[in-house]
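Everything on this sheet refers to the single structure shown next.
The values are calculated or read from the model by the stated rules, or taken from the named source; none is laboratory data. The structure presented is a predicted model; accordingly, all values stated were derived computationally and were not measured. No Cβ is skipped: glycine too gets one built from the backbone with ideal geometry, and neighbour counts run over all protein chains shown. Ligands, DNA and RNA are excluded from the accessible area calculation, which covers all protein heavy atoms including side chains. Shrake-Rupley method; radii C 1.70, N 1.55, O 1.52, S 1.80 Å.
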Amino acid sequence: MANETHRVIRPSILYFGTPVVLLTTENDDGSANLAPISSAWALGQQVVLGLGTESQTARNLAARPDLVINVASPELWEKVERLAPLTGAHPVPESKRAVYRYEPDKFAAAGLTPAGSDLVGPPRVAECALQLEARARALTPGGAGLFLSVECEVLRVHADERVVVPGTQHIDPARWSPLIYNFRHYHGLAPEVGHGFRSETAGVAAGAA
């Protein structure tokens, strides 16, 4: 029998290494809300987000479905963390008052720069190398009403030229990586250990160098 080294635990959170994205949405008054989240995954041209139901982002998307999904990179972690205790909800929901404070201008608070979008109203985050203009297509409640799963259709992708394989439509994973939220700690990706058999960039980037 194999030696058993595992034990049963019950973690308070299950952020086992997920990318950090900064979401921009439009407030009732036309201003922009900026919020970091760490529950996001992509399938094809769709991105699914996990949001708290009392967040300003959730309220905005229920009324105005356009958004930008700005994928943060490791060097932005301190700016992301500046945003973490802020909320655009006013008044601050009672359940959040012990931890969060209201901030109407989150771009300024984080030291980030808004940039105009092409197809949606909310701005992009200029400092993010990968920016996805998108539209929320479905908001599904879960977790006993504590969160929403938001299905988004990506309409346009903006990528910094420095992270694109020259002459292609591909992101070069050797030049760019996401900021990872790993059990409430920030990480970058470790050096590559290999690539999948369906990789479209293996050898391409090296050939273009």
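Based only on Cα atoms, what mean projected area does the convex hull of the chain have, in nm²?
It is 14.9 nm².
Could you tell me the ratio Rg/Rh of the range 132-208? Both radii from Cα atoms, Rh via Kirkwood.
Ratio value, two decimals: 1.07.
Leaving out ligands and nucleic acids, and using a 1.4 Å probe, what accessible area per residue does the range 1-120 come to in Å²?
Averaged over the residues of the range 1-120, the accessible area is 57 Å².
Per DSSP H run of n ≥ 4, the term is -39500 (n - 2.57); total these for the chain, divide by its residue number, and report the mean residue ellipticity at 222 nm rounded to 500 deg cm²/dmol.
-3000 deg cm²/dmol
Restricting attention to the range 1-64, which GluC sites (Glu not before Pro) occupy a DSSP loop and are surrounded by at most 13 other Cβ atoms within 10 Å?
Sparse-neighbourhood loop GluC sites (Glu not before Pro): 4.
Based on the alpha-carbon gyration tensor of the range 21-124 and its eigenvalue square roots a ≥ b ≥ c, which shape applies: rounded if a/c is under 1.5, prolate if not and a/b is larger than b/c, or oblate?
Rounded.
Per-residue counts of other Cβ atoms within 10 Å, averaged by peptide: what ranking do you get for 189-202, 76-89, 5-18, 160-173, highest first?
Result, highest mean Cβ count within 10 Å first: 76-89, 160-173, 189-202, 5-18.
Quick one: with all protein chains in place, what share of the accessible area of the range 56-209 is carbon or sulfur, to the nearest percent (1.4 Å probe)?
Percent of accessible area from carbon and sulfur atoms in the range 56-209: 52.
What does the charge count around residue 175 come to, taking other residues whose C-beta lies under 12 Å from its C-beta (Lys +1, Arg +1, Asp -1, Glu -1)?
Net of charged neighbours comes to -3.
Normalising by the residue count of the range 50-176, find the relative contact order in percent from Cα pairs under 8 Å and 6+ residues apart.
27 percent
Rounded if a/c is under 1.5, else prolate if a/b beats b/c, else oblate: with a ≥ b ≥ c from the C-alpha gyration tensor eigenvalues square-rooted, which is the range 1-69?
Cα axes put the range 1-69 in the prolate bin.
Using only alpha carbon positions, build the gyration tensor of the range 53-94, then give the equivalent ellipsoid semi-axes as the square roots of 5 times its eigenvalues, largest first, whole angstrom.
Semi-axes, largest first: 22, 16, 6 Å.
Charges on Cβ only, +1 for Lys and Arg, -1 for Asp and Glu, centred on the Cα centroid of the chain; of 159, 88, 116, which one is farthest towards the dipole's positive end?
Going by the Cα projections, it comes out as 88.
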